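See below for the structure under consideration.
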Amino acid sequence: LLPHEAPDNPEQFEDIQDDIETKIMPGITHWQSPNFYAWFSSSSSFPAMLGDYYSLMFNIIGFSWIGSPAAAELEVLVMDWLGKLLGLDERYLALNKNG
């Protein structure tokens, strides 16, 4: 469907968008479609999209504290929020009386 070589000259945005809509999108697995057999909700809600935008905007490598202290600490905090929301015992939280 698409050329095997990169174009020699820039293409118009409209042509690129047309290629995405006609050549790429038909072959994409639409995870959030109820017509997909293994349907499950994904990042199609506004909060999820906003989180993705922020993550892309920061463009950080957040795999460890030394790589990005703020991202690592934010992840720990938010995971504790989720743990509390799920009713996990305090010993499973990162920020507890023992740690």
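No lab work stands behind these numbers, since they all come straight from the coordinates. Keep in mind it's a predicted model, so treat the numbers as computed, not measured. Reconstructed Cβ throughout: ideal geometry from the backbone, glycine too, with neighbour counts over all protein chains shown.
Gain on full extension, evaluated as 0.36 nm per residue between residue 32 and residue 46 minus their Cα-Cα distance, stands at 3.7 nm.
Roughly how many nanometres apart are two label points built 7 Å out from the Cα toward the Cβ at residue 8 and residue 55? Label at residue 8, label at residue 55, 4.1 nm between them. Set against the 2.2 N^0.38 Å expectation for a compact globular protein, the chain has a Cα radius of gyration ratio of 1.63. Simple point charges give the picture: +1 on the Cβ of Lys and Arg, -1 on the Cβ of Asp and Glu, and for the chain a dipole about the Cα centre of about 800 debye.
With the cut-off at under 15 Å, measuring from each backbone N in segment 53-69 to a point 7 Å along the Cα-to-Cβ line of residue 81 picks out 53-55.
Which whole-number percentage describes the relative contact order of the chain, with Cα contacts under 8 Å and a sequence gap of 6 or more? It would help to have the intermediate numbers written out before the result.
On the way: 37 pairs, mean separation 10.2, N = 99.
Rounded, it is 10 percent for the chain.
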